[in-house]
Amino acid sequence: MERRTYLGSLGTMGITSVAGCLGDLLGGDSNPDTILEPPEEEAQYGDYSYPTYGEEFPSFSLTDPIAEETVSRDDFVGERPFVITYFYGSCPDGMCDTLLQHLTRIQEDAIESGYEDDVGLLAVTFDPDRDTADALRTYSEERGIDPDAGHWHYLRPEDNETAKTILEETFGLPLRREESSNNESTNETVSGTESENESSGADGADGLEYTFTHSALVQIVNERGIVERAYPKASSQRDAVNTQVMVEDTRTVVGVDE
């Protein structure tokens, strides 16, 4: 895109020093590594360690089970921004559906506006034991997601134990598995991060029903690998995140002309 050419030319001229000078002139609020202005207020939680505005997104390498290919952070840095969330397909109460709906709307806008090749949409499952390629394809069909589009990737760790380690140690998000024999749902908080305990009523590989207490997070990461926005309550009914705000933020980061 033209924006990339422009940024590239600025880089050869010393974009960091130029932006630093502009930041001084504007009161020091500008970040040379980001495109969006700092959020007016960014929610923070007790023990979170996921990257927020202006911080580098961690390196990762996971399998897309539908495309049967490995997807990594390096596939995007220097190439295009990406939007990422974390979910499991057996979620029964709509929390994970809401997270995926944000990305689905961005996908629709990208296709409608012609920037589908300039953004990545990543959905990391932390329940790979149940979220197989076939299960994810069915999940997509039921929700109007096109998983075959080159910009959409489900990311699937090898197994649930590995998924928990990656979610907590790589992405900085707490995760708790709850063994269950009933369909009750409660709202809980893990390590100070707003989460929901969801009872899926589905059997795991070990024959037990289980659910997850997890975070409701969506992040926009620019092509430098720096977080532009972190929406930590992306499915909260009390603090609903406007999907259109995410779409507009994504368009800005991608460099789509209005």
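The values are calculated or read from the model by the stated rules, or taken from the named source; none is laboratory data. What you see is a predicted model; the values in this text were computed from it and never measured. Positions of Cβ are backbone-derived with ideal geometry, glycine not excepted, and every protein chain shown enters the neighbour counts. When the accessible area is computed, the model is the full protein with side chains, heavy atoms only, and any ligands, DNA or RNA have been set aside. Shrake-Rupley method; radii C 1.70, N 1.55, O 1.52, S 1.80 Å.
Close amide H partners of R224, meaning residues 5 or more places away or on another chain with modelled amide H under 5 Å apart, are G78. First compute the accessible area of region 47-166 with a 1.4 Å probe, then give the percent of it belonging to carbon and sulfur atoms. Using a 1.4 Å probe with all protein chains present, region 47-166 comes out at 38 percent carbon and sulfur. Taking each residue as 0.36 nm, the span from D148 to V245 lengthens on full extension beyond its C-alpha to C-alpha distance by 32.4 nm. Between G120 and F82, V83, the built amide H atoms are under 5 Å apart, and every one of these is 5 or more places off in sequence or on another chain. Rounded to the nearest 20 debye, the dipole magnitude of region 75-145 is 140 debye, with +1 charges on Lys and Arg beta carbons, -1 on Asp and Glu beta carbons, and the Cα centre as origin. Taking amide H as placed 1.01 Å from N in the peptide plane, the amide H of V218 sits under 5 Å from that of Y231, A234, each at least 5 places away or on another chain.
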